[in-house]
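The values are calculated or read from the model by the stated rules, or taken from the named source; none is laboratory data. Keep in mind the model is a prediction, meaning the values are calculated, not measured. FYI the Cβ positions are ideal-geometry reconstructions off the backbone, even for glycines, and counts take in every protein chain you see. What goes into the accessible areas is simple: the full protein's heavy atoms, side chains included, and nothing from ligands, DNA or RNA. Shrake-Rupley method; radii C 1.70, N 1.55, O 1.52, S 1.80 Å.
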Amino acid sequence: MTEPVAKPAPFRFGVSQFTTTPWSFEHDVEEYARLGVDTIEVCEFKLDVGQGRAEEQLTLVADAGLEISSVQPAVRTLYPSRTQPHPEDLDERIDHFRSAIERAAPFAPGVPFVCNTGPSPGGNVLDAIETATKEYRVLADFAGEFGVKIALEPLNPVLMNVESAIWTLAQAMRVVEAVDRENFGVCVDTWNIWQNESVVEEIKGCGDRIFVVQVSDWKTPRSFADRHVVGEGEIPTATLLRAVREAGYDGPYTLEIFSDEVSDSLWDDDLSKVIQDSRNGLEDAWEEIAEPKR
């Protein structure tokens, strides 16, 4: 009797280590692999840099059959932010970002390193964006020497003047165009951009500059870090995924959930179930945009 042919997955599914913040790096790798996750977004704060174990830890990823999809440096904002207040000096912060590239690039060829502007000093958004454009151009050239990319992430308006000076894809793409480097693009996080005006057109307009796609769900937040399982909130995930696909993106879809300073934090819940439930929600959204049968 002929064995049934397994149906290929419609997309590659990834998980950001932010989603499982309470777990160790090693636990992340082991459990993601057990759950059949395809890719991992490495968060540098989980690497034991001080003890010199980062290289050993990064080696575990490929050994477990996982692929690194993107990297979140521990210091990824140009200006001090609520979650990344130190160091305060701009040059020192950029040096930290460079060190993250040097450390992880050998284990993540071609992948994007995610960055944010941070809040504009004194509310001078224009100056912050002009500085970001200049610094990102140099940083993109540095990343190119290591064969990797940089992805600028616009954040949700609730994080304006807290973590970011930009909050729409259109703003991010203006920076991308001004930087004018092939390895400098954007991170599309559905939680951050779903309320942007003309978001579908903005996503499509990004074209091949979409380097990272992150998913979660939205309910009116009770803190700066209050995200939900995909399919359990208000984000029209299927609509956004359709636009991402039409823009030409064919990379992984990465679950990124923050859940802090709320009484029912998902970080205190069964995180394996959070991952599985979100994958199911993502699959349901994908079914909505599947090509009709002929």
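Please work out if Thr254 is modelled with pLDDT of 95 or more and within 17 Å of Asp38 (Cα to Cα). Spell out how you get there, then give the answer.
Numbers: modelled with pLDDT of 95 or more: yes; within 17 Å of Asp38 (Cα to Cα): yes.
Judged against the criteria, Thr254 is a match.
Just to be sure before I move on: is Arg98 assigned to a helix (DSSP H, G or I) and at pLDDT 95 or above in the structure I sent? Quick ask: steps written out before the conclusion?
Numbers: assigned to a helix (DSSP H, G or I): yes; at pLDDT 95 or above: yes.
Yes: the conditions hold for Arg98.
Identify, please: which residue in segment 257-294 is surrounded by 14 or more Cβ atoms within 10 Å (Cβ to Cβ) and polar (S, T, N, Q) and is, among those, nearest to Tyr32 (Cα to Cα)?
Only one residue fits best here, namely Ser272.
Yes/no matrix, rows are residues, columns are (1) surrounded by fewer than 23 Cβ atoms within 10 Å (Cβ to Cβ); (2) under 13 Å from the mean Cα position of the chain (by Cα); (3) under 22 Å from Val71 (Cβ atoms):
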| site | (1), (2), (3) |
| --- | --- |
| Val175 | yes, no, yes |
| Arg181 | yes, no, yes |
| Phe184 | no, no, yes |
| Asn192 | no, yes, yes |
| Glu197 | yes, no, no |
| Val200 | yes, no, no |
| Gly207 | yes, no, no |
| Val212 | no, yes, yes |
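Can you tell which of Pro85, Pro109, Pro119 is more than 16 Å from the chain's Cα centre (by Cα), farther than 25 Å from Asn192 by Cα and not in a helix (DSSP H, G or I)?
Selected residue: Pro109, the only one of Pro85, Pro109, Pro119 that is more than 16 Å from the chain's Cα centre (by Cα), farther than 25 Å from Asn192 by Cα and not in a helix (DSSP H, G or I).
Could you say whether any residue in segment 47-70 is under 20 Å from Arg137 (Cα atoms) and at pLDDT 95 or above?
Within segment 47-70, the first condition is being under 20 Å from Arg137 (Cα atoms), and the residues that meet it are 70.
Among the residues that remain, those that are also at pLDDT 95 or above are: 70.
Among the residues of segment 47-70, at least one is under 20 Å from Arg137 (Cα atoms) and at pLDDT 95 or above, which makes the answer yes.
Could you list, ordered by first residue, the pairs with Cβ atoms under 6 Å in which the first is in segment 225-248 and under 13 Å from Arg279 (Cα atoms) and the second is open to solvent by 10 Å² or more (accessible area, probe 1.4 Å) and part of a loop (DSSP other than H, G, I, E, B), at least 6 apart or interchain?
His228/Lys219
Evaluate the following for Ile257: is it closer than 21 Å to Leu155 by Cα, hydrophobic (A, V, I, L, M, F, W, C) and part of a loop (DSSP other than H, G, I, E, B)?
yes
Suppose we filter segment 172-195 for residues that are outside any helix (DSSP H, G or I) and in contact (Cβ under 8 Å) with a residue 40 or more places away in the chain; how many remain? Even if it seems obvious, please write down each step before you answer.
So in segment 172-195, the residues outside any helix (DSSP H, G or I) come out as 180-189, 194-195.
Imposing the further condition that a residue be in contact (Cβ under 8 Å) with a residue 40 or more places away in the chain reduces the set to 180-181, 183-185, 187-189, 194.
Qualifying residue count, segment 172-195: 9.
Condition test on Thr133, is it in contact (Cβ under 8 Å) with a residue 40 or more places away in the chain and not hydrophobic (A, V, I, L, M, F, W, C)? I'd like the intermediate steps shown before the answer.
Details: in contact (Cβ under 8 Å) with a residue 40 or more places away in the chain: yes; not hydrophobic (A, V, I, L, M, F, W, C): yes.
When the stated conditions are applied, Thr133 passes them.
Cβ-Cβ below 8 Å, separation at least six or inter-chain, first residue in segment 157-171 and farther than 18 Å from Glu202 by Cβ and in contact (Cβ under 8 Å) with a residue 60 or more places away in the chain, second open to solvent by 30 Å² or more (accessible area, probe 1.4 Å) and not hydrophobic (A, V, I, L, M, F, W, C): which pairs?
Correct list of pairs: Val158/Pro221; Val162/Arg82; Glu163/Arg82; Glu163/Thr83.
Cβ-Cβ below 9 Å, separation at least six or inter-chain, first residue in segment 52-67 and closer than 9 Å to Ala33 by Cβ and of a type in the set (A, V, I, L, M, F, W, C), second open to solvent by 40 Å² or more (accessible area, probe 1.4 Å) and part of a loop (DSSP other than H, G, I, E, B): which pairs?
Matching pairs, first to second residue: Leu66/Asp38.
Report, by residue number, each residue of segment 72-82 that is open to solvent by less than 30 Å² (accessible area, probe 1.4 Å) and part of a loop (DSSP other than H, G, I, E, B). Break it down stepwise before answering.
Of segment 72-82, the ones open to solvent by less than 30 Å² (accessible area, probe 1.4 Å) are 72-73, 75, 77-79, 81.
Result: Pro73, Val75, Leu78, Tyr79, Ser81.
I want to confirm something. Restricting to segment 68-82 and keeping residues that are out of contact with any Phe, Trp or Tyr (no Cβ under 8 Å at 6 or more places or on another chain) and among the hydroxyl-bearing types (Ser, Thr, Tyr), which single residue is farthest from Val15 (Cα to Cα)? It would help to see each step written out before you state the result.
Initial filter on segment 68-82 (out of contact with any Phe, Trp or Tyr (no Cβ under 8 Å at 6 or more places or on another chain)): 69, 77-81.
Keeping just the survivors that are among the hydroxyl-bearing types (Ser, Thr, Tyr) gives 69, 77, 79, 81.
Details: Ser69: 9, Thr77: 21, Tyr79: 27, Ser81: 24 Å.
Among residues in segment 68-82 that are out of contact with any Phe, Trp or Tyr (no Cβ under 8 Å at 6 or more places or on another chain) and among the hydroxyl-bearing types (Ser, Thr, Tyr), the one farthest from Val15 (Cα to Cα) is Tyr79.
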